[in-house]
Amino acid sequence: MQAFEARPPPLTTEPDGVVRVAGTRVPLETIVAAFDAGATAEEISQQYASVDLASVYAVISYVLDHRGEVDEYVKRRYEAAAALRGKIEAAFPPAGIRARLLARRSSSGPA
């Protein structure tokens with residue numbers, strides 16, 4: 001009889017390759033970023049209410065045990081996000097957006 005049962009981390013990989021905390025929409029890189037910024041497991045659990053404290057601890061444990069792999073995954077996710085942001089900004093240039101929004105507001109009159 002074994003005194004303790006090892007369980008896999010509560011992580012799932014979506015069809016698009018995004019790793020999330022099981023049963024939530026919270027991506028792994030969100031937990032990693034919060035932990036790396038100095039947040040405690042309790043603070044992370046409070047900030048992301050859909051992730052229970054035990055899951056946060058399990059994810060942090062997994063991250064610490066697989067730091068190289070996790071860092072590479074997070075790097076790829078950030079690079080993909082930057083590439084997508086570049087495509088969106090090329091299609092919809094952000095320059096002057098505040099002025100356009102203010103102009104639109106003033107032309108529509110008071111709400």
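Placing unit charges on the Cβ atoms of the charged side chains and taking the dipole of the chain about its Cα centre, the candidate lying farthest along the positive direction among GLY23, ILE44, ALA103 is ALA103. The residues packed around VAL18, meaning those with a beta-carbon under 13 Å from its beta-carbon, carry a net charge of +1 if Lys and Arg are +1 and Asp and Glu are -1. For the chain, a simple Cβ point-charge model (Lys and Arg +1, Asp and Glu -1, everything else neutral) yields a dipole of about 920 debye relative to the Cα centre. Remark: region 52-68, residue by residue, has Karplus-estimated 3J(HN,Hα) of 6, 4, 4, 5, 4, 4, 5, 5, 4, 4, 4, 4, 5, 6, 10, 4, x Hz, where x stands for each Gly or Pro and the curve is 6.51 cos²θ - 1.76 cosθ + 1.60 at θ = phi - 60°. Relative contact order of the chain, taken over Cα pairs closer than 8 Å and 6 or more residues apart, is 18 percent. Each Cα pair under 8 Å and six or more residues apart adds its separation to the average, and for region 22-61 the resulting relative contact order is 43 percent.
Residues whose amide H falls under 5 Å from that of LEU11, counting only those 5 or more places apart or on a different chain, are ALA22, with hydrogens built in the peptide plane. Computed from the C-beta positions of LEU53 and ALA6 and an R0 of 30 Å, the FRET efficiency is 0.95 to the nearest 0.05.
Length gained on full extension, LEU102 to ARG25: 24.3 nm, using 0.36 nm per residue less the C-alpha separation.
Looking at region 1-92, the GluC sites (Glu not before Pro) that sit in a DSSP loop and have at most 11 other Cβ atoms within 10 Å of their own Cβ are GLU5.
Using the number of other C-beta atoms within 10 angstrom as an exposure proxy, rank ILE31, ILE44 with the fewest first. Neighbour counts put them in this order, fewest first: ILE44, ILE31. Each other residue within a Cβ distance under 13 Å of ASP71 adds +1 if Lys or Arg and -1 if Asp or Glu, for a net charge of -2.
Every number here is computed from the coordinates shown, using simple stated rules; none is lab data. Owing to the predicted nature of the structure, the values given are computational and were not obtained by experimental measurement. So basically every Cβ, Gly included, is an ideal-geometry build from the backbone, and we count neighbours across all protein chains shown.
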